[in-house]
1. I'd like to check something: does segment 20-29 contain any residue that is in contact (Cβ under 8 Å) with a residue 24 or more places away in the chain, in a helix (DSSP H, G or I) and closer than 20 Å to Val73 by Cα?
2. For segment 37-50, how many residues are open to solvent by 70 Å² or more (accessible area, probe 1.4 Å) and either of a type in the set (A, V, I, L, M, F, W, C) or part of a helix (DSSP H, G or I) (or both)?
3. Go through (1) part of a loop (DSSP other than H, G, I, E, B); (2) out of contact with any helix residue (DSSP H, G or I) (no Cβ under 7 Å at 6 or more places or on another chain); (3) open to solvent by less than 50 Å² (accessible area, probe 1.4 Å) and name the single condition Thr63 misses.
4. For the list (1) hydroxyl-bearing (Ser, Thr, Tyr); (2) open to solvent by 50 Å² or more (accessible area, probe 1.4 Å); (3) within 13 Å of the chain's Cα centre (by Cα), I need the number of the one condition that Ser3 fails.
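The values are calculated or read from the model by the stated rules, or taken from the named source; none is laboratory data. No experiment lies behind these values; they were computed from the predicted model shown. A quick note on method: Cβ atoms are made from the backbone with ideal geometry, for glycine too, and the neighbour counts reach across all protein chains shown. When the accessible area is computed, the model is the full protein with side chains, heavy atoms only, and any ligands, DNA or RNA have been set aside. Shrake-Rupley method; radii C 1.70, N 1.55, O 1.52, S 1.80 Å.
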Amino acid sequence: PPSGESCADVYDRVTAFLDTLWRLMRALPALEGGVVLVVSHGLTNRILAMRWLRWSPEQLGRTRNPGNCQPIVLESRPAPPGGRPS
């Protein structure tokens, strides 16, 4: 909307959130392997998925906001030898 946040604004906010989350999870051993629940609005959830899954802006553009109360589950898997986690 004209008076709302742009995708770039939400992307920056989600990036700051993820940076803080990773920092806390590395600093607190009790959180290792823990579960994080995020309750948010549709665009923010899509941008979070974009950052987590390393989608391009074009891939994000092909997605739609989830329905009300629709869960999205993102799981991290260990990295294969010499690879990156997925």
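1. no
2. Residues that pass the stated criteria total 2.
3. (2)
4. For Ser3, the failing item is (3).
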